[in-house]
1. Can you give the net charge of the other residues whose Cβ lies under 10 Å from the Cβ of Lys31, counting K and R as +1 and D and E as -1?
2. Among Asp26, Asp67, Asp96, determine the one that fluctuates most according to a GNM of the chain built with springs between C-alpha atoms less than 10 Å apart.
3. Amide H of Leu17 versus every other amide H placed in the peptide plane: which residues, excluding those fewer than 5 positions away on the same chain, fall under 5 Å?
4. Please give, to one decimal in nm, the separation of the simple spin-label points placed at Asp57 and Ala28, each 7 Å out from Cα toward the Cβ.
5. When DSSP assigns beta bridges and you keep just the ones with both residues in the chain, what percent turn out antiparallel, to the nearest 5?
6. Can you give the net charge of the other residues whose Cβ lies under 14 Å from the Cβ of Ala49, counting K and R as +1 and D and E as -1?
7. Within segment 55-131, report the trypsin sites (Lys or Arg not before Pro) that DSSP leaves as loop and that have at most 16 other Cβ atoms within 10 Å.
8. Summing -39500 (n - 2.57) over the DSSP H runs of n ≥ 4 in the chain and dividing by its residue number, what mean residue ellipticity at 222 nm do you reach, to the nearest 500 deg cm²/dmol?
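All of the numbers you see were taken from the coordinates with simple rules; none came from a lab. The structure displayed is predicted, hence computed values, not measured ones. Here the Cβ is made from the backbone with ideal geometry for all residues, glycine too, and neighbour counts use every protein chain on show.
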Amino acid sequence: MTNSDNSPLRNIKGGCLCGAVTFVVDNAFEKLFLCSCDQCRQITGSAFASNLFVRIDGFDWLDGFDDIANYQVPGRDISKAFCRTCGSGVPWKNSDATKMVVPAGSLNAPLNVAERFRIFASERPDWASDLEQISLHATLP
């Protein structure tokens, strides 16, 4: 969704797959990290975690806060917050509670992101090293 002038919306909604958990966030993300560290790959089950960072005062829960479970990786500033019903990743507070970490996949509107980074690329698995070369399909081939 965009404004009539095709600019990204100021506030966007997000949530889990089943709809139990919903939130609204300022569409003014400071950073997007695509992290390929071992822990982020395991916690997401993917080649990398795609997390956005936004000020804590730019975020509000709408529904389902009590439906969220959280796992904190021991000794690391890595968490996984998820809906207890469908398991979808949902936002969580960073360790000093100044930012919300928002899984990019929990949003479905164009994003306004100041900076984007691919981090821990040295830990990227071999099977994900040439993703740009894999053919693209609009639907299941």
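1. Surrounding charge for Lys31 is 0.
2. Of the options given, Asp96 has the highest mean-square fluctuation.
3. Long-range HN contacts for Leu17: Ser88.
4. With each label placed 7 Å out from Cα toward Cβ, I get 1.0 nm.
5. Antiparallel bridges make up about 85 percent of those DSSP assigns within the chain.
6. Once positives and negatives cancel, what remains is +4.
7. Sparse-neighbourhood loop trypsin sites (Lys or Arg not before Pro): Arg76, Arg84.
8. -1000 deg cm²/dmol
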